[in-house]
Amino acid sequence: FGYEDDYSEIRGVADQKRQDIRNGLADEKSEADRESRRLEEEHDRLLQEIQELEQAEEVEPERPEAVVRNRELLREQGIPVLPFYKTIDFADGMSAEQCSRLEAALYEMGILDALVVSPDDRERILALDAAVCDRYLFTDARHLQANLMELFQAEHAENDIVLTMQIQNLLSGIGYGIQEETSTWIDENGHYRIGIVEGTVSSEYEAKFVGTTAREKHRLACMDALRQ
């Protein structure tokens, strides 16, 4: 620019640059505000989850919506049920690795969170609305010679002899160790068979549902993770 140029032209160049900077800052602020609101919502959600865990007795396995509806329906129908993992605990002397492998196998087989039910309720259960689904362990299982009675024991059933016998019968119906003549078994490494399906489990799985102590440890760990 020279002496003869109008100052407004010079100012116009600066004003345009300033406006570009202002627009950029405004966009950054809008994005920061959106991210701040998102983080506040996430923070509130996590606090709510922590509060729920503090009030809850324990953490339960994740379940599909159809299974959740089914269990509500069973309660409404007055059919007594109990998730399998709540009825058992590991036998004394088992290592953490053994416990994790066995629980992982039960989880992969669909047995861990299956419902323990009386065979007397079989017809009522199987006649429920087709819009719901679940897995059941009827307590009239066939006894096997080498079975999970070696590894598990009935939990919190001291005052219910019938329930204790039912759980023991279920445990005796699942084989322990590879058994070619048996359709359902688990071995010490977590290798399992259920029907014609055989499978293995991840060594990274950590037992967290079998046994009251394990469930409480898992609940506290979930709360700590949410706080972090």
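Let's see if you can work this out: charge +1 on each Lys and Arg Cβ, -1 on each Asp and Glu Cβ, no other charges. What is the dipole magnitude of region 77-217 about its Cα centre, in debye to the nearest 20?
Working: 10 positive and 24 negative charges, 44 e Å.
Around 220 debye, computed over region 77-217.
In terms of solvent-accessible area of protein heavy atoms at a 1.4 angstrom probe, what is the ranking of 136, 85, highest value first?
136, 85
Please list 59, 197 in order of solvent-accessible area, largest first, computed with a 1.4 Å probe with all protein chains present.
The most accessible residue leads, giving 197, 59.
Please work out how much accessible surface residue 222 shows to a 1.4 Å probe, ignoring ligands, DNA and RNA, in Å² rounded to 10.
Around 40 Å² of this residue is reachable by solvent.
Whole Å is fine, so just give me how far the alpha carbon centre of region 94-141 lies from that of region 27-92.
Measuring centre to centre over Cα atoms gives 21 Å.
Give the accessible area for residue 184 in Å² (nearest 10); use a 1.4 Å probe, count only protein heavy atoms, and leave out ligands, DNA and RNA.
30 Å²
Run lengths n ≥ 4 of DSSP H only: what is the helix-derived mean residue ellipticity at 222 nm for the chain, with -39500 (n - 2.57) per run over all residues, to the nearest 500?
After summing the helix terms and dividing by residue count, I get -16000 deg cm²/dmol.
Sort largest first and round to whole Å: the equivalent ellipsoid semi-axes of region 58-199, each the square root of five times a Cα gyration tensor eigenvalue.
On the way: eigenvalues 123, 58, 49 Å².
Equivalent-ellipsoid dimensions as semi-axes: 25, 17, 16 Å.
Counting other Cβ atoms within 10 Å, which GluC sites (Glu not before Pro) in region 1-77 have at most 10 and lie in a DSSP loop? It would help to have the intermediate numbers written out before the result.
On the way: sites: 4, 9, 28, 31, 35, 40, 41, 42, 49, 52, 54, 57, 58, 62, 65, 72, 76; in loops: 4, 57, 58, 62.
Sparse-neighbourhood loop GluC sites (Glu not before Pro): 4, 57, 62.
So, counting K/R as plus one and D/E as minus one, what does the shell of residues with Cβ under 15 Å around residue 114 add up to?
In short, -3.
If amide hydrogens are placed 1.01 Å from N in the peptide plane, which non-local residues have theirs closer than 5 Å to the one on residue 88?
155, 211
Compute, for residue 29, the solvent-accessible surface of its heavy atoms (probe 1.4 Å) with the complete set of protein chains present, and express it in square angstrom to the nearest 10.
Rounded to the nearest 10, the figure is 120 Å².
What net charge do the residues around residue 144 carry, taking every other residue with its C-beta under 15 Å from that of residue 144, with Lys and Arg at +1 and Asp and Glu at -1?
-3
With a 1.4 Å probe and all protein chains kept in place, how do 10, 196 rank by accessible area, largest first?
Values: 10 65, 196 170 Å².
Heavy-atom accessible area, descending, gives 196, 10.
Search the structure for amide H atoms under 5 Å from the amide H of residue 82, placed 1.01 Å from N in the peptide plane, and list their residues when 5 or more places away or on another chain.
Amide H to amide H, under 5 Å and 5 or more residues apart or across chains, residue 82 pairs with 116.
The values are calculated or read from the model by the stated rules, or taken from the named source; none is laboratory data. The model shown is predicted, which means the values in this text are computed figures rather than measured ones. Glycine gets a Cβ as well: all are built from the backbone with ideal geometry, and neighbour counts include every protein chain shown. Surface accessibility is based on the protein's heavy atoms, side chains included, excluding ligands, DNA and RNA. Shrake-Rupley method; radii C 1.70, N 1.55, O 1.52, S 1.80 Å.
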